[in-house]
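Written below as structure tokens is the structure these notes are about.
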Amino acid sequence: MVPIKTIIVGLAAKASRISGVIAGICILAVALSVSYEVVLRSLFNSPTEWVNEISVYLVLISAFLGFAPALASGKHINVDLLTSKLSPQLNRSLKAICSLIGLVFSLVFLVTSTEMTLNSYELGLLSTSTLRVPLYLPQLAMPVGFFILSLQFVANLLDPDAAEAAKEGH
């Protein structure tokens, strides 16, 4: 039987990779749609109505889906000035405390963003633009992103050596 630790760490790694790919696709879509807008506006004097709104949604989606892959690869902000002076054992303890705090905050944001998204869905809230996008659709990136981030914090707590190896690029 596979230990639960192995399942959680593996699931977190896969979820982080997938969300990272989706975040990257969103950024590529922003670049392509903005380029399309520039060409239409410059060459044909025919701006679009949808590029600005969709680009904002895609950037926000990529940010929320990019949190977990950034954590998994050790790309979140670190203050090495202090931690480089600490013993390895104290450093490991400090990283565990930081992961625990990060997990708590991620869970709080997961709950509140889920409530907000469900509220938007139940009330049928739409964007005020001509696109009339149901707001729960772009808002879904928040609870999904915070769920994957929470899972990654749990994985880092369960397997701190894997988190450190990812940070060092191994």
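The values are calculated or read from the model by the stated rules, or taken from the named source; none is laboratory data. Quick caveat: nothing in here was measured; it's all calculated off a predicted structure. Virtual Cβ from ideal backbone geometry, glycine too; neighbours counted across all protein chains shown. Ligands, DNA and RNA are stripped out before the accessible areas are found, and what is left, the full protein with its side chains, is counted by its heavy atoms. Shrake-Rupley method; radii C 1.70, N 1.55, O 1.52, S 1.80 Å.
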Restricting to region 91-100, count the residues that are more than 16 Å from ALA155 (Cβ to Cβ) and open to solvent by 90 Å² or more (accessible area, probe 1.4 Å). 1
Of the residues VAL51, VAL38, only one is farther than 30 Å from LEU151 by Cα, exposed (fewer than 13 other Cβ atoms within 10 Å of the Cβ) and of a type in the set (A, V, I, L, M); which? VAL38
Could you name every one of the helices (runs of 4 or more DSSP H) located completely within region 62-170 that has at least 1 residues being among the polar types (S, T, N, Q)? 80-83, 88-123, 136-139, 141-158
Restricting to region 127-136, and then to whatever is touching a residue at least 60 places away in the same chain (Cβ under 8 Å) and open to solvent by 30 Å² or more (accessible area, probe 1.4 Å), can you tell me which residue is nearest to ILE4 (Cα to Cα)? LEU131
What pairs come up if the first residue lies in region 3-19 and is within 13 Å of PRO69 (Cα to Cα), the second is polar (S, T, N, Q) and at pLDDT 95 or above, and their beta carbons are under 8 Å apart, counting only those six or more places apart or on different chains? ALA12/GLN152; ALA15/GLN152; SER16/GLN152
If THR48 satisfies all but one of (1) touching a Lys or Arg at 6+ places or on another chain (Cβ under 9 Å); (2) over 30 Å from THR128 (Cβ atoms); (3) not in a helix (DSSP H, G or I), what's the number of the condition it fails? (2)
Name the single residue, out of those in region 68-90 being at pLDDT 90 or above and open to solvent by less than 70 Å² (accessible area, probe 1.4 Å), that is nearest to the chain's Cα centre (by Cα). ALA68
Within region 102-126, restricting to residues that are open to solvent by less than 60 Å² (accessible area, probe 1.4 Å) and in contact with a strand residue (DSSP E or B) (Cβ under 8 Å, 6 or more places away or on another chain), the one that is nearest to ALA63 (Cα to Cα) is SER120
